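*Asks:* Below is the structure I would like to discuss, written out as structure tokens.
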Amino acid sequence: MTRYISNFLLGDIEKPSHRKAMIWLWRLVGIGFAVVFLTIFGLGFSDLPSVEELENPQNNEASQVLFADGSPMARYAVDNRVMVAYDDLSPHLIDALIATEDERYYQHSGIDFWGLGRAIAYGGSKGGASTISQQLARLLFTEGGRDKRFANAVAQKLREWIIAVRLERRYTKEEIIAMYLNRYDFINRSVGIRSASENYFGKMPDELEVQEAAMLVGMLKNSSLYDPLDNPDGVLNRREVVLSQMMKSGHFDRVTYDSLRQLPLGVNYNFQDHDDGPAPYFRAVLAEYAKDILSQEEYRKPDGSAYDIYRDGLILQTTIDPRMQSHAEAAVLAHLPKLQEEFFRHWRNEDPWTYESPYSETETPVASRERSLQRQVRSTRRYQDLRQRILLPAIQAVNQKHDLRFSNDDHEIQRMLREEEEPGYIRRLVGPNGISSDLADKYRQVMRLDVYPELKAAYLELQEAVESVFNEPTRMRVFTYDNERMTTDTIMSPLDSIRYHSMILQIGSMSVEPGTGLVRTWVGGNNFKWFKFDHVTTPRQVGSTFKPFLYATSINLRGISPCHQVIDQPVTIAPGDGRFRLREPWTPRNASDDYTGEILTLQQGLKRSINTVSAYLMKELGSTADLRTVVHNMGIDRSLIPDAPSIALGSVDLTVQQMAGAYSTFANNGEFLRPVFLLTIKDRTGQIIYEHTPELRNALSPQANYAMVHMLQNASVGALGGIKGQVGGKTGTTNDQTDGWYMGITPKLVVGTWVGGDDRWIRFRNLSYGSGAHMAKPFFREFMRRVHADEEIGVDTRRAFYRPRGDLGIELDCSAYEMDNEDLLEEGMPTDTTGLPQDPWDGGIDNEPDF
């Protein structure tokens, strides 16, 4: 045979035909080498990745959100990919990968010519043509699938070879393996080996057992085909192939192979959606907060572009305590279902959208409620689908002749129709709090168009369709507390569904460590899947929870004692009094419209939330300036507090976040430490991009602060059984029981809680049910009981509120401070009963008992 080949290659020069064949043979070989060389040379100048791109491949890496203890909370991701290092991979993964995909991985430099020759010789049936490096090259830089045209397929293969060789020069073998497994899409929202390990097996990559590693490596051949959720039998067969290759490579014997191949897949798929997992409201707020930070110039990338929390693999270190957060979420489910049941029973024979109280002066008008319901209808997918089919063509016809922009809720058309019914209506809308004159002119111009009748007809047709569709009972899924999934299937009209979900009471609660400012828990609502609106950052009227700021200001500036006595009688701040600059007299009422004439200490006045006592203190201050300054020093910006005496009763709207921060001052010896929930943002290499800087300021003297803590402890007596150690707090209830608050303080934790409806007419109609003591305080009690009972958290319940050394200079023993009624009256307490609340900021806040 050798002789034959030699004769053929050398040829018989004596025979012209042989000589000619030999010449053409060598010409073809030369041409072949030239074509390959020129192709490779040409590809070298084509769109191959640069050195910089090779060193920084774009991986769309998920950012990780960490709890305070460093454990994972969640991810912000496009591909849900989290990179892992080679050392974090199970040895079984490495063995399975090399045995199956590239058995000579450590012997070649990117191209396995032996494997390539074998693949050519056997027509691809023996495999081995693509190395791990080539597969990585395809994933990183030549994605888009194989081109079946021969020339393009060859060019793509050559391109992979070049990139594979470059990768081998830039990275170690171990780094290439890690990059490949991190990059591969294991489908079912599992991009990268860590996501796949977690989602399919609930494990980290270094915890995978042999058969689990074999299944994932088997998916590398074609994850869409070998999908463990849709094709478990095919995946079992593929896993057997991988195990067989591992056995042939000597990783285990036949007996082990036979036992492993009999095992079930063991897949327990569990993907954590953005709506799932702990602290979903917090994560939504954190994402926006982090994006805002990263948009600032000082925190940008070296090239000036902004970091992307969904693609750049950042690490966000938060302050949320995982165990406390779990207890907070459990406390919601222990309290709100019972409260919701009471609420539905309370409204069983009435309709919140039409009910009108004969006693309320601040109730939302029925017409406003109806408009709100209409807005909710028009924000639904059902309405928008009907609108696109019926109304949109008419709107487009108008837009061809006029530039009026129509909103999705179609209020522009409503205004034009009302102008037809009430000529001059559009003119009356023009003003500082209405519409511009230019917009009014546009309405009139549209009404004169020849296509306006078509617009009107289409709008009326849409309303008829909406009326029919939204009142037709249909099968749907709604929120419920009746099962763990918190959903149920029922038959209900879409309109009734909107009304039903609007009647679900919501909660906002945040806890903070007063000595560190670290936010430990964040509950923004009762269920993020159904109700995505965060109530920790939503301003609501704070009611009597604002009163401690007024009392603290009086004690801090005037040095008066909590035992200072005041008569429960009407107090009027008239025009010209102090620096209030009122145009009408202001005389706040007590909740019962009754003034007992009783002599009360400030301590009693705070505990019972007596409005006349707060009005007395406000008048004594002479203006709102000092109170607004103290509140500002407690972390609530002065601009948010109106310059009106009614703030003494809590007429201002503030957030749970702001209130919890301010109350933490009381538990921190009068020093405000701004609450923080994000400590650092790091890049994928661990370099710090952003680091929180603490903000500390003195708000109250230690003596005045301790006097306030003493009063808050006294005010919180009752309904707090089971909470260990010292505790204080204040309830708050607003007009018509629309908002229920409880601000609770302990030496180690301050908890602010609000409960109510998203709409202000979603409320209880009496104080028995609608007070902060009934709506919000039970959550605080349940949460603190759970935290104190958790030995792993280890709260030191023996710790006491800080008391300054020496004499406070403020009397706290009211038995030593008594005076008789005649002495008090001789001091000239105000007795003017003229006038009712006239000031636009009149709170009229209910004074509810705190027990």
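*Asks:* Looking at (1) surrounded by 15 or more Cβ atoms within 10 Å (Cβ to Cβ); (2) in contact with a Ser or Thr (Cβ under 8 Å, 6 or more places away or on another chain), which one does VAL366 not meet, given that it meets all the others?
*Replies:* (1)
*Asks:* Further question: Within segment 769-809, which residues are assigned to a loop (DSSP other than H, G, I, E, B), aliphatic (A, V, I, L, M) and buried (at least 21 other Cβ atoms within 10 Å of the Cβ)?
*Replies:* Of everything in segment 769-809, just one residue is assigned to a loop (DSSP other than H, G, I, E, B), aliphatic (A, V, I, L, M) and buried (at least 21 other Cβ atoms within 10 Å of the Cβ), namely ALA776.
*Asks:* Identify the residue in segment 631-653 that is assigned to a helix (DSSP H, G or I) and within 15 Å of VAL542 (Cβ to Cβ) and, among all such residues, is most open to solvent (accessible area, probe 1.4 Å).
*Replies:* The extreme case among them is LEU640.
*Asks:* Just name the residue that is farthest from ARG684 (Cα to Cα) out of those in segment 302-339 that are open to solvent by 60 Å² or more (accessible area, probe 1.4 Å) and at pLDDT below 95.
*Replies:* ASP303
*Asks:* Within segment 662-673, can one find any residue that is within 32 Å of the chain's Cα centre (by Cα), part of a strand (DSSP E or B), over 30 Å from VAL82 (Cα atoms) and without any contact (Cβ under 8 Å) to a residue 40 or more places away in the chain?
*Replies:* Looking for residues that are within 32 Å of the chain's Cα centre (by Cα), part of a strand (DSSP E or B), over 30 Å from VAL82 (Cα atoms) and without any contact (Cβ under 8 Å) to a residue 40 or more places away in the chain, one finds at least one in segment 662-673, hence yes.
*Asks:* Okay, moving on. Just to be sure I understand, how many residues within segment 521-574 are of a type in the set (Asp, Glu) and closer than 20 Å to SER326 by Cβ?
*Replies:* Residues flagged as of a type in the set (Asp, Glu) and closer than 20 Å to SER326 by Cβ within segment 521-574 amount to 1.
*Asks:* Free of Cβ contacts under 8 Å to residues at least 40 places away in the same chain, surrounded by 22 or more Cβ atoms within 10 Å (Cβ to Cβ) and in a strand (DSSP E or B) - does that describe any residue in segment 723-741?
*Replies:* Yes, segment 723-741 contains at least one residue that is free of Cβ contacts under 8 Å to residues at least 40 places away in the same chain, surrounded by 22 or more Cβ atoms within 10 Å (Cβ to Cβ) and in a strand (DSSP E or B).
*Asks:* Working carefully through the options VAL717, VAL709, find the one that is farther than 23 Å from VAL656 by Cβ and over 27 Å from the mean Cα position of the chain (by Cα).
*Replies:* Going through VAL717, VAL709 in turn, just one is farther than 23 Å from VAL656 by Cβ and over 27 Å from the mean Cα position of the chain (by Cα): VAL717.
*Asks:* Please identify the pairs in which a residue from segment 596-607 that is under 19 Å from GLY559 (Cβ atoms) has its Cβ atom under 6 Å from the Cβ atom of a residue that is hydroxyl-bearing (Ser, Thr, Tyr) and open to solvent by 20 Å² or more (accessible area, probe 1.4 Å), counting only partners at least 6 apart or on another chain.
*Replies:* Note: no pairs meet the criteria.
*Asks:* For segment 673-682, indicate whether the set of residues that are open to solvent by 50 Å² or more (accessible area, probe 1.4 Å) and out of contact with any helix residue (DSSP H, G or I) (no Cβ under 8 Å at 6 or more places or on another chain) is non-empty.
*Replies:* yes
*Asks:* Further question: Of (1) open to solvent by less than 60 Å² (accessible area, probe 1.4 Å); (2) of a type in the set (S, T, N, Q); (3) at pLDDT 80 or above, THR142 satisfies all except one. Which?
*Replies:* (3)
*Asks:* Inside segment 213-242, can you point out the residues that are in a helix (DSSP H, G or I), open to solvent by less than 40 Å² (accessible area, probe 1.4 Å) and in contact (Cβ under 8 Å) with a residue 60 or more places away in the chain?
*Replies:* Across segment 213-242, the qualifying residues are ALA213, ALA214, LEU216, VAL217, GLY218, VAL242.
*Asks:* Of everything in segment 342-362, what is of a type outside the set (Gly, Ala, Ser), farther than 12 Å from ILE762 by Cβ and surrounded by 12 or more Cβ atoms within 10 Å (Cβ to Cβ)? Give them in sequence order.
*Replies:* GLU342, THR362 - these are the residues of segment 342-362 that are of a type outside the set (Gly, Ala, Ser), farther than 12 Å from ILE762 by Cβ and surrounded by 12 or more Cβ atoms within 10 Å (Cβ to Cβ).
*Asks:* Whether any residue in segment 377-393 is under 20 Å from ASP758 (Cα atoms), open to solvent by 20 Å² or more (accessible area, probe 1.4 Å) and of a type in the set (S, T, N, Q) is what I want to check.
*Replies:* Yes; the residues of segment 377-393 include at least one that is under 20 Å from ASP758 (Cα atoms), open to solvent by 20 Å² or more (accessible area, probe 1.4 Å) and of a type in the set (S, T, N, Q).
*Asks:* Restrict the check to segment 490-513 and report whether at least one residue is open to solvent by 10 Å² or more (accessible area, probe 1.4 Å), out of contact with any Phe, Trp or Tyr (no Cβ under 9 Å at 6 or more places or on another chain) and within 30 Å of ALA68 (Cβ to Cβ).
*Replies:* Yes - at least one qualifying residue is present in segment 490-513.
*Asks:* Here's another thing I want to ask about it. Give segment 400-424 a look and list any residue that's over 38 Å from the mean Cα position of the chain (by Cα) and either of a type in the set (A, V, I, L, M, F, W, C) or surrounded by fewer than 16 Cβ atoms within 10 Å (Cβ to Cβ) (or both), or say none.
*Replies:* GLN400, LYS401, HIS402, MET416, LEU417, ARG418, GLU420, GLU421, GLU422, PRO423, GLY424
The values are calculated or read from the model by the stated rules, or taken from the named source; none is laboratory data. Computed from a predicted structure; not experimentally measured. Heads up, the Cβs are rebuilt from the backbone with ideal geometry, glycines too, and the neighbour counts pull from every protein chain shown. Remember, those area values only see protein heavy atoms, side chains included, never the ligands or the DNA or RNA. Shrake-Rupley method; radii C 1.70, N 1.55, O 1.52, S 1.80 Å.
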